[in-house]
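These notes are about the structure you will find just below.
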Amino acid sequence: IDAGVAAMTLHGRTTADLYSGKADWDAIARLKDFVGDRVPVLGNGDIFAAEDAQAMMATTGCDGVVIGRGCQGRPWLFGDLQNALNGSDERHRPTLGEVADIVYRHGEYLRDYYDDEFFGVRDLRKHMAWYFKGFPVGGETRHALGKISNFDELDELLSSLDHDAPFPVKELGKARGRQGTPRRKVVMPMGWLDSRTLDDHDLSEAELGISGG
């Protein structure tokens with residue numbers, strides 16, 4: 001706290017938990033109790049709707065939240081969260097047509113980022129299942145969306161969807177993205193636990209493939 005930390009974020013899962021079970025919000029509450037008002041604490045874990053964020057803040061006393069896989073295929077979640085924290089009940093429930101427009105725009109952003117159309121749409125492929133989860137999109141179309149190689153293919157497939165299909169409210173609050181079972185073994189970078197301080201450690205080592213992310 002005396003080292004000049006501006007804020008602290010704690011995820012309610014350990015590396016061993018991976019994406020299994022439920023996040024331990026009690027751990028976030030204990031951290032907030034420990035630091036009090038000296039440092040803002042941000043909670044992370046199992047926030048899939050604005051109401052989840054409100055519940056976490058009310059339960060743990062944390063000052064804010066960090067959202068990971070909960071926003072996969074739901075980029076409007078941040079607008080919902082802003083509304084919720086401002087006391088508004090307004091939530092965005094886009095139709096399939098609106099989602100199709102968002103997907104296309106996402107592809108344009110990726111194309112601009114990579115400065116290459118193919119690499120942009122190739123990166124977009126992995127987002128398709130998240131965007132269209134719960135919507136009436138047939139298996140063949142989903143499969144084709146996962147194999148697109150240019151914007152002409154993307155536009156043709158998105159145009160074939162039922163743009164008037166309503167948002168699948170049954171998906172609200174459900175876990176998104178990866179799920180699974182706990183890891184049997186967690187391996188840290190060599191020497192990582194030798195000291196409780198970083199000293200001359202290179203933080204990039206924490207992102208090695210063996211580190212657990």
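The values are calculated or read from the model by the stated rules, or taken from the named source; none is laboratory data. Fair warning: this is a prediction, and the values are worked out from it, not measured in the lab. Quick reminder, even Gly has a Cβ in these numbers, built from the backbone with ideal geometry, and neighbours come from all protein chains shown. To get the accessible areas, we keep the full protein, side chains included, count just its heavy atoms, and leave off ligands, DNA and RNA. Shrake-Rupley method; radii C 1.70, N 1.55, O 1.52, S 1.80 Å.
Residue 104 meets all of the listed conditions (1) touching a helix residue (DSSP H, G or I) at 6+ places or on another chain (Cβ under 8 Å); (2) open to solvent by less than 60 Å² (accessible area, probe 1.4 Å); (3) closer than 24 Å to residue 172 by Cα; (4) not in a loop (DSSP other than H, G, I, E, B) but one, namely (2). Under the condition of being in a helix (DSSP H, G or I) and open to solvent by less than 20 Å² (accessible area, probe 1.4 Å), the residues counted in segment 33-60 number 5. Exactly one residue out of 89, 152, 164, 112 is in contact with a Leu (Cβ under 9 Å, 6 or more places away or on another chain) and open to solvent by 80 Å² or more (accessible area, probe 1.4 Å): that is 164.
Considering only segment 113-120, I want to know if a residue exists there that is within 19 Å of the chain's Cα centre (by Cα) and either closer than 15 Å to residue 149 by Cα or of a type in the set (A, V, I, L, M, F, W, C) (or both). No; the residues of segment 113-120 include none that is within 19 Å of the chain's Cα centre (by Cα) and either closer than 15 Å to residue 149 by Cα or of a type in the set (A, V, I, L, M, F, W, C) (or both). Mind counting the residues in segment 115-135 that are of a type outside the set (Gly, Ala, Ser) and open to solvent by less than 50 Å² (accessible area, probe 1.4 Å)? Adding up the residues that qualify gives 8.
Evaluating residue 75 against the criteria (1) assigned to a loop (DSSP other than H, G, I, E, B); (2) more than 27 Å from residue 105 (Cα to Cα); (3) open to solvent by 40 Å² or more (accessible area, probe 1.4 Å) leaves one unmet condition, (2). State whether the residues of segment 153-168 include one that is more than 30 Å from residue 53 (Cα to Cα), touching a helix residue (DSSP H, G or I) at 6+ places or on another chain (Cβ under 8 Å) and at pLDDT below 95. No, segment 153-168 contains no residue that is more than 30 Å from residue 53 (Cα to Cα), touching a helix residue (DSSP H, G or I) at 6+ places or on another chain (Cβ under 8 Å) and at pLDDT below 95.
Name the pairs whose Cβ atoms lie under 7 Å apart, with the first residue in segment 63-76 and more than 12 Å from residue 47 (Cα to Cα), the second open to solvent by 40 Å² or more (accessible area, probe 1.4 Å) and in a helix (DSSP H, G or I), and 6 or more positions between them or separate chains? That search, which allows pairs on different chains as well, returns 73/130.
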